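Colleague: This is the structure I have questions about; it appears just below.
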Amino acid sequence: MPLLHLTWAAERRQTLFPDVDLLRRGVRALDRTLGDKALFFSIADDHLHAVVDAEPRVAGYLGKALRQAMLSVAPDRPLLSAHVRPVEGRAHLRHLVRSYLPGQVTHHGLRASPALHEGSAFLDLVGARVLDRFSSAALRRWLPRFRLRELFPAVGLEPRRLEPVDPATIARLGPARLAEAARAAFATSARGRTPPAVAARQAAAVLAAKTGLPLRQLAEEFGVSTRSAQRDANRTVDDRHLRAVRTRLALELREPAPVVAEPPAPWGEE
């Protein structure tokens, strides 16, 4: 099975991304580097994991490429060389993606909601975030019968369908909550003109207009003029983008359940 489990630790075990904007930039850097090769990834506090579809001979290249990409985000927190393990069959792969990697928040006692942790590919797989390259395609090639609900117990959610919120719920939550959900759904910061930042602002404006939320308040959340928000609200936006924001809000509103105890790691994961 040409799959690898790669782990990178920060030098001196420093926290890699001490605030959410840096973490989002780190996720974007990981996506640019590993992207369509990755089946799952998880950024913990001082290290990160990725399962990639690659032969062992390219592990060194991937390891160096990610280390370089992360230096552009956090130059004072360099990564050590990747620790490479082969994925030893489908049972091992299922263990990694169903339990070990989505359960990193609980495993390491991080101060974050396991289901909302922005360092985890769980968000992308359930449709609550949009990245440029990462998708469920690589995972489904290897586990074609895999169901997304299999991920839910490891992050403290009941294994039932996650429905995007409706317009009435968006209206009730208000423009500030909508704006932050949009930024999370595109892994972008509060300000900026990067393609993800623009996509987040446009998706939020379209949803605000559809639900009757005041565009003036939404514009303030994004640091743009009301006229700019009005232009954004009249644009044609990819339905997948709108759905990601609505799914992010649904995830925030989902009642947590007790996290299922992580089974023993028979393949020596740490």
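The values are calculated or read from the model by the stated rules, or taken from the named source; none is laboratory data. Because the structure is predicted, anything quoted here is derived from the model rather than measured. With ideal geometry, Cβ positions are generated from the backbone for all residues, glycine too; neighbour counts draw on all protein chains shown. Side chains included, ligands, DNA and RNA excluded: accessible areas come from the protein's heavy atoms. Shrake-Rupley method; radii C 1.70, N 1.55, O 1.52, S 1.80 Å.
Colleague: How long is segment 103-142 along each principal axis, judged by its Cα atoms, biggest number first, in Å?
Modeller: In descending order, the Cα extents are 31, 21, 13 Å.
Colleague: Rounded to the nearest 500 deg cm²/dmol, what is the calculated helix-only ellipticity per residue at 222 nm for the chain, with -39500 (n - 2.57) per DSSP H run of length n ≥ 4?
Modeller: Value at 222 nm, helices only: -12000 deg cm²/dmol.
Colleague: Also, quick follow-up: Could you calculate the contour length gain from Ala176 to Gln14, that is, 0.36 nm times the residue separation minus the distance between their Cα atoms, to one decimal place in nm?
Modeller: Computed gain between Ala176 and Gln14 is 55.1 nm.
Colleague: Same structure, new question: Work out, step by step, the length gained on full extension between Gln230 and Leu148: first 0.36 nm times the residue separation, then minus their alpha carbon distance; give nm to one decimal.
Modeller: Here the answer is 25.9 nm.
Colleague: Placing +1 at every Lys and Arg Cβ and -1 at every Asp and Glu Cβ, with all other atoms neutral, what dipole size does the chain have around its Cα centre, in debye to the nearest 20?
Modeller: Once rounded to the nearest 20, the dipole reads 700 debye.
Colleague: Another question, then. Helix 59-71 versus the longest principal axis of the chain: what is the Cα-based angle in degrees, 0 to 90, to the nearest 10?
Modeller: 40 degrees
Colleague: Relative to the longest principal axis of the chain, what angle (0 to 90°, nearest 10) does the C-alpha long axis of helix 195-211 take?
Modeller: Compared with the principal axis, the helix lies near 50 degrees.
Colleague: Could you give me the percent of Cα pairs per 10 Å distance bin for segment 100-197, shortest bin first, beginning at zero and ending with the bin that holds the maximum distance?
Modeller: Once binned at 10 Å, the Cα pair distances of segment 100-197 give 13, 39, 38, 10, 0.
Colleague: Quick check: convex hull of the Cα atoms in segment 42-168, volume per residue, rounded to a whole Å³?
Modeller: Convex hull of Cα atoms, per residue: 146 Å³.
Colleague: Taking the 0 to 90 degree range and rounding to the nearest ten, how far is the long axis of helix 175-185 tilted relative to the main principal axis of the chain, both from C-alpha atoms?
Modeller: That works out to roughly 30 degrees.
Colleague: Any idea of the accessible area per residue across segment 27-175, 1.4 Å probe, to the nearest Å²?
Modeller: Normalised by residue count, the accessible surface of segment 27-175 is 43 Å².
Colleague: Here is a further query. How much of the pair distance distribution for segment 8-98 lies past 15 Å, counting alpha-carbon pairs only, in percent?
Modeller: Result: 57 percent of Cα pairs exceed 15 Å.
Colleague: Further question on the same structure: Give, rounded to the nearest 20 debye, the magnitude of the charge dipole that segment 1-125 has about its Cα centre when Lys and Arg contribute +1 at Cβ and Asp and Glu contribute -1 at Cβ.
Modeller: 200 debye
Colleague: If you don't mind, there's one more thing I want to ask. Could you give the C-alpha radius of gyration of the chain expressed as a fraction of 2.2 N^0.38 Å, taking N as the number of residues it contains?
Modeller: This ratio for the chain stands at 1.01.
Colleague: Have a look at Ala54, Gly35, Pro75 and report the one farthest towards the positive end of the charge dipole of segment 29-93, computed about the Cα centre with Cβ charges (Lys/Arg +1, Asp/Glu -1).
Modeller: Final value for the positive-end residue is Ala54.
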